[in-house]
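Data first, discussion second: the structure below is written as structure tokens.
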Amino acid sequence: MRKIFWILAACLFLTACQETLEQRCAREAKEYTEKNCPAPIAKDVTIDSMSFDVATHTLTYSYTLSGVIDDSAVIRRNNPTDQMLLQLRNATATKPYKDAGYTFRYIYYSKKNKGTKLFEATFLDKDYQ
């Protein structure tokens, strides 16, 4: 009887210590932002932050654009939505979140007109599956 108690107690302890996928995503987004942001990721593109909204299961990436691409007309002309969706579909780092049906949101801001949103794209699981 005593052995069973300790086995059950150990099982409860181990399951209580595990993170949910939501907790993991929120933690990883926060840690990435704290350790790496802001950081240049391409010419004239800087990632400012990653965040996760537990209520909506939305992972948000915020960027700042500068140089030639810091122009909403240039962005509209090049329509990056299809390329962004292709990259999301091929991204292996986000596989657990895609498997869970999370929403991915990308927001691009202007460097020259601080605070001005140049482009936003949101992808639901039906878009990338």
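Any idea what angle helix 2-16 forms with the longest principal axis of the chain, computed on alpha-carbon atoms, 0 to 90 degrees, nearest 10?
10 degrees
Could you give the size of the charge dipole of the chain about its Cα centre, using +1 on the Cβ of each K and R and -1 on the Cβ of each D and E, expressed in debye and rounded to the nearest 20?
Approximately 160 debye in magnitude.
Need one number: convex hull volume per residue for the chain, Cα atoms only, in Å³.
Per residue, the Cα convex hull of the chain comes to 132 Å³.
Could you tell me what a quarter of the Cα convex hull surface of the stretch 62-129 works out to, in nm² with one decimal place?
Here the figure is 4.7 nm², rounded to one decimal.
Using +1 on the beta carbon of Lys and Arg, -1 on that of Asp and Glu, and nothing else charged, what's the dipole of the stretch 37-87 about the Cα centre, debye to 20?
Using only the charged Cβ atoms, the result is roughly 120 debye.
Step through the residues of the stretch 59-76 one at a time and calculate ³J(HN,Hα) from phi using the Karplus curve (6.51 cos²θ - 1.76 cosθ + 1.60, θ = phi - 60°), rounding each to whole Hz and writing x for Gly and Pro.
9, 10, 10, 10, 10, 10, 9, 9, x, 4, 7, 7, 7, 4, 5, 5, 5, 4
Once Lys and Arg get +1 and Asp and Glu get -1 on their Cβ, which of THR20, THR58, TYR32 lies farthest toward the positive end of the dipole of the chain?
Of THR20, THR58, TYR32, it is THR20.
If you line up the long axis of helix 21-36 against the longest principal axis of the chain, both from Cα atoms, how many degrees apart are they, to the nearest 10?
That helix lies at roughly 50 degrees to the long axis.
Please tell me the relative contact order of the chain in percent, rounded to the nearest whole number, where contacts are Cα pairs under 8 Å and at least six residues apart.
20 percent
What are the lysines whose alpha-carbon lies under 29 Å from the alpha-carbon of LYS114, with same-chain residues fewer than 8 places away excluded?
LYS30, LYS35, LYS43
What is the calculated FRET efficiency for THR92 to GLN18, with r their C-beta to C-beta distance and R₀ = 22 Å, to the nearest 0.05?
The pair THR92/GLN18 has a calculated efficiency of 0.45.
Values quoted throughout were computed directly from the atomic coordinates according to the rules given, and no laboratory measurement underlies them. Everything numeric here is computed off the predicted structure, so don't read it as measured data. Because the Cβ atoms are built from the backbone with ideal geometry, glycine has one as well, and the counts that use them run over all protein chains shown.
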